[in-house]
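To keep things clear, I will list the structure first and then write my remarks on it.
The values are calculated or read from the model by the stated rules, or taken from the named source; none is laboratory data. Note that the structure is a prediction, hence the values are computed from the model and not measured. Reconstructed Cβ throughout: ideal geometry from the backbone, glycine too, with neighbour counts over all protein chains shown.
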């Protein structure tokens with residue numbers, strides 16, 4: 001292998017290594033039968049997905065929180081409404097509602113990255129969020145959508161990355 005090719009391969013490897021450096025957490029939840037029920041089995045609460053074991057070591061660093069939904073073209077809604085709850089180790093909860101649009105403004109075409117019959121839509125649900133304490137946190141995402149069953153949803157992922165906010169400006 002000549003030096004030009006080798007340096008190209010090394011540059012690509014360094015690029016991939018640098019991209020993941022700011023990711024603090026990244027987990028995927030896969031839906032059984034490609035369905036997300038709105039109500040829990042006891043029919044008393046919203047059906048929530050919990051992302052646990054989010055280890056926070058630094059309370060001074062701001063983070064951005066992203067939710068990614070992968071769905072098929074037969075999904076039965078144009079938007080997904082959910083509640084995002086951050087639960088700290090001492091039990092303190094912070095929550096906000098979020099609406100993720102799956103189609104363009106006209107409501108005719110799906111948005112996001114497409115591969116075959118699947119679409120990936122990513123939304124930033126929290127910007128410049130600081131955790132209130134160190135330790136193991138949980139983030140719970142609860143379905144609040146109008147259809148009581150979202151059909152055609154493949155998976156939902158949660159990604160937490162260090163914000164690009166620069167305090168030294």
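If we keep just the residues of segment 20-34 that are in a loop (DSSP other than H, G, I, E, B) and surrounded by 13 or more Cβ atoms within 10 Å (Cβ to Cβ), which is modelled with the lowest pLDDT? Steps first, please.
Pass one, segment 20-34, residues in a loop (DSSP other than H, G, I, E, B): 20-22, 31.
Now drop any that are not surrounded by 13 or more Cβ atoms within 10 Å (Cβ to Cβ), which leaves 22, 31.
Working: 22: 91, 31: 96.
For segment 20-34, the residue satisfying everything is 22.
If you go through segment 85-142 one residue at a time, how many are touching a strand residue (DSSP E or B) at 6+ places or on another chain (Cβ under 7 Å) and assigned to a loop (DSSP other than H, G, I, E, B)?
Selection size over segment 85-142: 9.
Mind checking which residues of segment 82-100 are under 26 Å from residue 136 (Cα atoms) and surrounded by 15 or more Cβ atoms within 10 Å (Cβ to Cβ)?
82, 83, 84, 85, 86, 87, 88, 98
Just give me the residues in segment 65-78 being in a strand (DSSP E or B) and either loosely packed, with under 13 Cβ neighbours inside 10 Å or under 12 Å from the mean Cα position of the chain (by Cα) (or both), in sequence order.
65, 66, 67, 68, 69, 70
Scan segment 49-64 residue by residue and report those that are surrounded by 13 or more Cβ atoms within 10 Å (Cβ to Cβ), over 14 Å from the mean Cα position of the chain (by Cα) and not in a loop (DSSP other than H, G, I, E, B).
Result: 56, single match.
So is residue 53 in contact with a strand residue (DSSP E or B) (Cβ under 8 Å, 6 or more places away or on another chain) and over 16 Å from residue 120 (Cα atoms) or not? Walk me through it before giving the result.
Values: in contact with a strand residue (DSSP E or B) (Cβ under 8 Å, 6 or more places away or on another chain): yes; over 16 Å from residue 120 (Cα atoms): yes.
Criteria met by residue 53.
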